[in-house]
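Here the structure is laid out as structure tokens; the discussion comes afterwards.
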Amino acid sequence: MHYPENKELQYLFGKVENQLKNDLPFAIYRKPEQEELVGVFQMDKELRFTNFQDKGFVFAPFDLTKGAVLIRPDEIVTGTHSFQKKLDRAEVALSDEGKKEHLELVEKGIQEIGKGNLKKVVLSRKMEVALTKSPLAIFNDLLQQYPNACCYLFHHPEVGTWCGATPETLVKVKGGELWTMSLAATLPFEGNEDPKWGSKEIEEQDMVSDYIREKLHPALERLEIDEAKSVRAGNLWHLRSEVMGRMKPETDIQKVIITLHPTPAVCGIPTQDAMDFIMRNENYQRTFYTGFLGELNLLGPNDVSLFVNLRCMELNGDKASIFVGGGITSASNPLNEWIETQNKSKTMLGIL
């Protein structure tokens, strides 16, 4: 790929190339609306898991019982990546492959909600496409295209290579203050029109906010949830409420993470029933899609910044796997849900 002119970035990207060549673990990332790029490099191939007391970069799966992977910070390198310009978006040719299976899956989810077993379930699918760019070139394009997302590239020889541009915070904690978000509902961005949310989307977002309030309440001294606002993420609109709180002195970060993950935005309500349904019925294993990733005590004790692993892909040789899903409620329509996943797939397909 064409290296940036900035010397510190050349050094940072060179380190990443070297880790990939030697099959050594690393993570490189940029948090939303920031210019600082951070590279966390581990100098051996050991697979480490964390109980969230360690220091490093965490990469956790959808099913947390499988263990959260830690990249140990043997070396941390930073650089400044200034936003140049958005890339011209390529027109993406969408395929109908997997349509029948996804419509059947959504129909099954609606039936389960109709029986009263679930209020909401998030159902997804996996697409495989040919890969023509290097991981670092893809990461560089993500940085250009998505300044408002957490963009990352992760590699571990035991786990694989993943990258993404996620708009969703799982949780941030600093000095006992906690910040998270309630995010749900999707509409395509069309021209300069404001999104027109229907009752299905508003109900879905309220459901997520209520769930977060109920789950976090016991761990916090105070909790505030703002009104939902429309936020744009690439070519999509979502509804989002800011959630702020103060942790009780006896609450530790592991407890908060286990309480919040997986969120209703990636799993469903009630969580365990939705998770069981997903594990039984989705036609593939999610592994790290809809897990989470980010800084763990890197800037100091109890300083955490974690993001939900959405809008991501797994890079494997000459193939990339892309994952797309949507929230299913009693008001869902299978064909509309298929169209929503097609709209969402354009985000990562456009980068490839």
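The values are calculated or read from the model by the stated rules, or taken from the named source; none is laboratory data. Remember, predicted model here, so these are calculated numbers, not experimental data. FYI the Cβ positions are ideal-geometry reconstructions off the backbone, even for glycines, and counts take in every protein chain you see. Surface areas here come from the heavy atoms of the whole protein model, side chains and all, with no ligands, DNA or RNA. Shrake-Rupley method; radii C 1.70, N 1.55, O 1.52, S 1.80 Å.
The set of residues in region 55-73 being open to solvent by 60 Å² or more (accessible area, probe 1.4 Å) and more than 12 Å from residue 27 (Cβ to Cβ) consists of 55, 65, 66. Looking only at region 138-181, residues that are in a loop (DSSP other than H, G, I, E, B), aliphatic (A, V, I, L, M) and more than 22 Å from residue 299 (Cβ to Cβ) come to 1 in all.
Residue by residue, here is whether (1) farther than 30 Å from residue 74 by Cβ; (2) aromatic (Phe, Trp, Tyr); (3) within 20 Å of the chain's Cα centre (by Cα); (4) open to solvent by less than 20 Å² (accessible area, probe 1.4 Å) holds:
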position	(1), (2), (3), (4)
211	yes, yes, yes, no
221	yes, no, no, no
251	yes, no, no, yes
254	no, no, yes, no
275	yes, no, yes, yes
301	no, no, no, no
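Residue 275 meets the conditions (1) among the aliphatic types (A, V, I, L, M); (2) assigned to a loop (DSSP other than H, G, I, E, B); (3) modelled with pLDDT of 95 or more in every case but one. The failed one is (2).
Of note, residue 343 does not satisfy the criterion of being at positive phi and either of a type in the set (Phe, Trp, Tyr) or at pLDDT below 95 (or both).
Yes/no matrix, rows are residues, columns are (1) in a strand (DSSP E or B); (2) more than 18 Å from the chain's Cα centre (by Cα); (3) hydroxyl-bearing (Ser, Thr, Tyr):
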position: 295; (1), (2), (3): yes, no, no
position: 314; (1), (2), (3): yes, no, no
position: 320; (1), (2), (3): yes, no, no
position: 327; (1), (2), (3): yes, no, no
position: 332; (1), (2), (3): no, yes, yes
position: 340; (1), (2), (3): no, no, no
position: 349; (1), (2), (3): no, no, no
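Residues in region 232-249 that are surrounded by fewer than 20 Cβ atoms within 10 Å (Cβ to Cβ), under 22 Å from the mean Cα position of the chain (by Cα) and either farther than 30 Å from residue 343 by Cα or aromatic (Phe, Trp, Tyr) (or both): 244 alone. Among the residues of region 8-22, those that are open to solvent by 50 Å² or more (accessible area, probe 1.4 Å) and either polar (S, T, N, Q) or touching a His at 6+ places or on another chain (Cβ under 6 Å) (or both) comprise 10, 18, 22.
Report whether or not residue 262 is part of a loop (DSSP other than H, G, I, E, B) and crowded, with 22+ Cβ neighbours inside 10 Å. Criteria met by residue 262.
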